[in-house]
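The values are calculated or read from the model by the stated rules, or taken from the named source; none is laboratory data. All of these numbers come straight from a predicted model, not from anything done at the bench. Cβ sites come from the backbone with ideal geometry, for glycine too, and all protein chains shown count toward neighbours.
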Amino acid sequence: MLTVRVPGDKSLSQRALILAALADGESRLSGVLPGGDAESTAGALRALGADIPALPRDGAEIVVRGSGLRGLRAPDGPLDLGNSGTGTRLLAGVLAGAGLMATLDGDASLRSRPMERITAPLRAMGATFEHPGAPGRLPMTVRGSHPLQPLQWTSPVASAQVKSSLLLAGLTGQAFVLVTEPRRSRDHTERLLGAVGAAVVSHATAGGWRVELRDPPERIGPLDFAVPGDISSAAFVLALAALGGARAGVTVEGVGLNPTRTAFLGVLQRMGARVRVEPSSAPGACEPVGDVTVEAGMLRATDVGADEVPSLIDELPLVAALGARAQGVTRIRGAGELRAKESDRIATMVANLRAVGVEAEEEPDGLTVRGGEGPLRGRVRAFHDHRIAMTFGVLGRLPGSDIEVDDPGVADVSFPGFAALLQQLGGP
Ligand code: S3P
């Protein structure tokens, strides 16, 4: 059995940096992802005047001296968010409520992603947006307002980025916010806001899942937080183990086990892998953490539907890849949001699976993959999408595979060291 660790959680790293910058006092953060997306958000916060130290490669503790909820200032030039959709959408909310003006921009992938989902509700709160390039896309200039108007919003998509953008706008803009999403998305922002003294109330409703920031505080306290390993990065290692591509079973230590993120472990299990989860955090910890062990099994196909999608949205490319090596036909449905990720992951997964000899079909809201045993060979494209590159990195490690990924370096945005870790896991 091999034991490994993965870099800090991408979602939590960016949220922790933002809240630490907005806090009164000194926050202590360890395990922050030293990868492209967290670097982009840290860089944007520095340009807004926040005192964010360099992110250590080894996840060592950093101390962030917060500027307070009203302490950020307008930047001198455009903010470059690189590939980070989370950084862009969360900071747009922060700026909207802080009454600041800034232009947000990013790489070709980020420039292709939809922003109306946040600009429509943030406009309703009193902020204004301009899109000097394509309508509804980056570059995007936000002009904030303070205080903002209270908001009651029903989001058509289950998106933690939308929900978090609005909660952060409510925090900096001192406004009541109530968001209803069709299904519950990851709740990291709610948990971290609670930890700094801004309680968010959440509950199920007939229309889905509702979160409320009822009474935004005038200041938030500092954060003392160890960012756990990213379960979405661990998923690549665990999938390789499930596929029998690692020398033995693999344990990933210190990984985040937030129940709004762990559905992939259930999918691995029902497909036939052996999965063991050992929680290690104290009950009631802000974010649950533990060790996950996976050993290979005979894989069978599975169906994933809309109810499961939000809690494994980032792992769906891997579910499709597992389906390509499982007995039967794997169907993913209710996952139209895949088209709004770093690439259109329905189109890019199907194109790449076919390029390596797998039968796969696009559906409007998902994909269908026929499992097989033939060797996987061919050249695939990363499409500026870290998870697409890493998914084919995993398939490329299987016995008999010969897969060339055109741009494997894109993995660095969420998983620096991915290629080296794959080498370390070795083949059978
Ligand atoms: C994220 C939310 C998800 C996820 C992304 C990170 C976050 O996106 O796909 O990788 O940190 O809030 P959506 O909110 O668009 O579903």
Inset, instruction - Kindly list, by first and then second residue, each pair from a residue in the range 65-79 that is assigned by TED's automatic domain parsing to the domain that holds THR103 and within 12 Å of LEU95 (Cβ to Cβ) to a residue that is surrounded by fewer than 16 Cβ atoms within 10 Å (Cβ to Cβ) and of a type outside the set (A, V, I, L, M, F, W, C), limited to pairs with Cβ atoms under 6 Å and residues at least 6 apart or on different chains. - result: LEU72/GLY49; ARG73/GLY49
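One line per residue, one yes/no per condition, for (1) assigned by TED's automatic domain parsing to the domain that holds ARG214; (2) under 20 Å from ALA47 (Cβ atoms); (3) modelled with pLDDT of 95 or more; (4) away from the ligand (no atom under 15 Å from the Cβ):
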site	(1), (2), (3), (4)
MET125	yes, no, yes, yes
HIS146	yes, yes, yes, yes
ALA158	yes, no, yes, no
LEU167	yes, no, yes, no
GLY173	yes, no, yes, yes
Inset, instruction - Please determine, by comparing only the residues of the range 81-105 that are out of contact with any helix residue (DSSP H, G or I) (no Cβ under 7 Å at 6 or more places or on another chain) and surrounded by fewer than 24 Cβ atoms within 10 Å (Cβ to Cβ), which one is farthest from THR41 (Cα to Cα). - result: GLY99
Legend entry - the range 245-297: number of residues that are of a type in the set (A, V, I, L, M) and part of a loop (DSSP other than H, G, I, E, B): 7
Inset, instruction - Test LEU90 against the stated conditions and say whether it is part of a helix (DSSP H, G or I), away from the ligand (no atom under 14 Å from the Cβ) and either among the acidic types (Asp, Glu) or out of contact with any Phe, Trp or Tyr (no Cβ under 6 Å at 6 or more places or on another chain) (or both). - result: no
Inset, instruction - Just need a number here: residues in the range 107-148 that are touching a Gly at 6+ places or on another chain (Cβ under 8 Å) and not in a loop (DSSP other than H, G, I, E, B). - result: 7
Legend entry - Number of the exception - GLU315 against (1) in contact with a Phe, Trp or Tyr (Cβ under 9 Å, 6 or more places away or on another chain); (2) among the charged types (D, E, K, R); (3) free of Cβ contacts under 8 Å to residues at least 60 places away in the same chain: (3)
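For the range 168-192, enumerate the residues that are assigned to a loop (DSSP other than H, G, I, E, B) and over 18 Å from ARG123 (Cα atoms).
Within the range 168-192, PRO182, ARG183, ARG184, SER185, ARG186, ASP187 qualify.
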Inset, instruction - Give me the pairs, please: first residue somewhere in the range 180-202 and touching a residue at least 24 places away in the same chain (Cβ under 8 Å) and farther than 23 Å from GLY221 by Cβ, second residue anywhere and more than 12 Å from the ligand (Cβ to nearest atom) and assigned to a helix (DSSP H, G or I), beta-carbon distance under 7 Å, and either six or more positions apart or on two chains. - result: none
